[in-house]
Amino acid sequence: MTATFDRVADFALNRSAEEMPDSAKEAAALMMLDTMGILIASGPMEAGVIARDTAALLYASTDPAYSARMMFDGRVVSMAGAAYAAATQTDNLDGHDGYNPTKGHIGVVVLPTLIALAEHCPGLTGPEALAAVITGYEIAGRAGLSLHASVSDYHTSGAWNALGVVAMAARLRRHSPEQMRQAMGIAEYHGPRSQMMREIANPTMLHDGSGWGALVGMSSAILAERGFIGAPAITIEAETAAAHWADLGRFWQVEHQYVKPYPICRWAHAAIDGVRAVMRDNNLRHAQIQSIHINSFHEAACLYAGMPGTTSQAQYSLPFAVAVQTIYGRIGVEHISGAGLSDPAVAKLMSRIHVAESDRHNRRFPQGRWADVSLKTTDGRILESGDVNARGGPEAPISRDEVIEKYAEFANPVIGPARADAIRTAILGWVNPGSRYSGLSPLLFDPSDN
């Protein structure tokens, strides 16, 4: 083992909840609530239904000790199958948290992993659940930084968030450092190194690969638990990787995640925010807008330009998202699915939205997601936003109350306000020393009917 791996293993396996700062635990609970809202809202969507049905068909278990129920479904599959289904489902409603430096997402696998593992941890306390959540964030985020620094391709989150899943499983299943080391090596080797820009060019249900990251991570942990051997994870053990792990346990990445105000690719958010601000500050209605010009960074300019025919295309379309925000003042699930995909008013406005790449904004990526917008009104005025960084991250945070309101907006229509409120109370209550995870469990598995 290397000194870096020893540090990682000691943190994942031995750092107690009491040794983690209250601020990290508060952030972890809020991120889990935010992710839960997206997971619930994505349940009835086509990708979620397919993912759960496929897990039931292909990823079941013959042993109750390795089984778990699928969330808001109730069918029993393997732990890996349950994590896969929930992560794939969540990944297909692009409203979950992310971390700017990794250009990707962590909570999307952390919540499904926690729920699947917790079925076999009957005495789990709230603080211990949050310690596992924090472990997933801290390990996955640094694995992502290490991978991005060592390869030329821009890989999806599943390529590296699988290692966060391993760390959570190793912690909650009480693995030895050697078992965790082998699992990390297996997960890194088999992690889905899918190319993100291919998905951007042709948006589909593949999204960010996080379902496969969850499946690989959980499978790797069980393989190692049973004696399977993997090569060392170079994102941890390579000499060049050490710098990415040096601040583990001192800088808490979980406190620096962004929360998405809209269920749209984060790359489009600065432009949405810019239009939102200009309209608000000038008391504009969409009928007063003749055209919109957007400057942003290269990746944002590459987002899908046409009228979307699917939810996946809608979530990866900058002009579509801006048009919806301009007309309706918000972007909800109803706008990116069903009849919202053929809204004639949105299509008409999209033809008057122009997107260009800006070197200025390119230089700020990935640490920020910047854009500037210029609106031309029907009476000839030119109104400019100036440079805008996307809301929701540490640089432009939204409040705790806004995160809770967002959760309710997504969860209430699917499971009803009473059940949604009970879930919120349970998750946010994990910060209390005497709390138990078991208070959440009865609320999670019945099908998501009101």
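The values are calculated or read from the model by the stated rules, or taken from the named source; none is laboratory data. Since we're looking at a predicted model, the values are computed, not measured. Cβ: placed from backbone, ideal geometry, glycine included. Neighbour counts: every protein chain shown.
Annotations for the structure displayed:
- Checking each residue in segment 45-72 for being more than 20 Å from GLY107 (Cα to Cα) and assigned to a loop (DSSP other than H, G, I, E, B) picks out TYR59, ALA60, SER61, THR62, ASP63.
- Test: residue in segment 34-43 that is more than 16 Å from LYS260 (Cβ to Cβ), part of a helix (DSSP H, G or I) and assigned by TED's automatic domain parsing to the domain that holds ALA159: no
- Single residue of segment 279-302 satisfying the filter (modelled with pLDDT of 95 or more and in a loop (DSSP other than H, G, I, E, B)) that is farthest from LEU383 (Cα to Cα): PHE297
- Where helices (runs of 4 or more DSSP H) fall entirely within segment 316-425, those with at least 2 residues that are buried (at least 21 other Cβ atoms within 10 Å of the Cβ) are at 318-328, 344-350, 400-415.
- Qualifying residue in segment 225-241 (condition: touching a strand residue (DSSP E or B) at 6+ places or on another chain (Cβ under 6 Å) and under 17 Å from ASP153 (Cβ atoms)): no
- Helices (runs of 4 or more DSSP H) (entirely within segment 101-187) containing at least 1 residues that are free of Cβ contacts under 8 Å to residues at least 24 places away in the same chain: none
- Residue list for segment 229-254, filter: closer than 9 Å to THR2 by Cβ and surrounded by fewer than 12 Cβ atoms within 10 Å (Cβ to Cβ): GLU239
- Contact map, segment 318-336: first residue in the same structural domain as ASN283 (by TED's automatic domain parsing), second residue among the aromatic types (Phe, Trp, Tyr) and assigned to a helix (DSSP H, G or I), Cβ cut-off under 9 Å, separation 6 or more or different chains; pairs are LEU318/TRP267; GLY332/PHE410; VAL333/PHE410; HIS335/PHE320; HIS335/TYR328; ILE336/PHE320.
- The C-beta contact set for segment 61-76 (first residue at positive phi, second residue of a type in the set (Ser, Thr, Tyr) and assigned to a loop (DSSP other than H, G, I, E, B), distance under 7 angstrom, 6+ apart or interchain) comprises PHE72/SER448.
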